[in-house]
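Colleague: Structure in structure tokens, see below.
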Amino acid sequence: MKITFGEYELVHSGVLIEIKDNPIKIVLPDEIEGDYSFLINFESNSEIKEPKTNIKRIDRFTLKIDFINFTNFQGGGNTNLIELGTLKNRPLYFNYRIFDLPTAGKSILFNFYIREHENGEQ
């Protein structure tokens, strides 16, 4: 199956349900550049008033994504695609929505997209 949104191609989509505040690891295989890993954490910070997403590069193949203050959050996420780097030498983007079921954990709906090259090549 191949799904496209204009110039963007969906490479992975999923729904994850957090288990006991354990970090989540997603690995996107890439036989050209090397597999790309994403470490996802949900955190609380009383010094920050609004929900916030922090993305930090750990190394060439690993990004850490911290979702801060998403407790009791009932559906929201990014409004523009987040560019993460490249996958298979193509620009890689991320889109997410988060929902929290109090005392039962958070759920994240997510999509990873790659974009066609400027000249339309793949």
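The values are calculated or read from the model by the stated rules, or taken from the named source; none is laboratory data. None of these values were measured; they are calculated from a predicted model. Cβ atoms come from the backbone with ideal geometry, glycine included; neighbour counts cover every protein chain shown. For accessibility, only protein heavy atoms count, side chains too; no ligands or nucleic acids. Shrake-Rupley method; radii C 1.70, N 1.55, O 1.52, S 1.80 Å.
Colleague: Along the positive direction of the dipole of the chain (beta-carbon charges: Lys, Arg +1; Asp, Glu -1; about the Cα centre), which of 36, 17, 6 reaches farthest?
Modeller: Most positive-ward Cα: 17.
Colleague: How many percent of the accessible area of the stretch 1-95 is carbon or sulfur, using a 1.4 Å probe? Display every interim value, and only then the final one.
Modeller: Numbers: 3000 of 6060 Å².
Carbon and sulfur: 50 percent of the exposed surface of the stretch 1-95.
Colleague: Separate question: Eigenvalues of the Cα gyration tensor times 5, then square-rooted: what semi-axes does that give for the chain, in whole angstrom, largest first? Display every interim value, and only then the final one.
Modeller: Working: eigenvalues 149, 47, 35 Å².
Over the Cα atoms of the chain, the semi-axes work out to 27, 15, 13 Å.
Colleague: Given charges of +1 on the Cβ of Lys and Arg and -1 on the Cβ of Asp and Glu, with all other atoms neutral, how large is the dipole of the chain about its Cα centre, in debye to the nearest 20? Don't skip to the end; give the middle numbers.
Modeller: Details: 14 positive and 18 negative charges, 61 e Å.
Value, rounded to 20: 300 debye.
Colleague: Here is a follow-up. Per residue, what accessible area does the chain have, given a 1.4 Å probe and all protein chains present, in Å²?
Modeller: Details: 7590 Å² over 122 residues.
That works out to 62 Å² for each residue.
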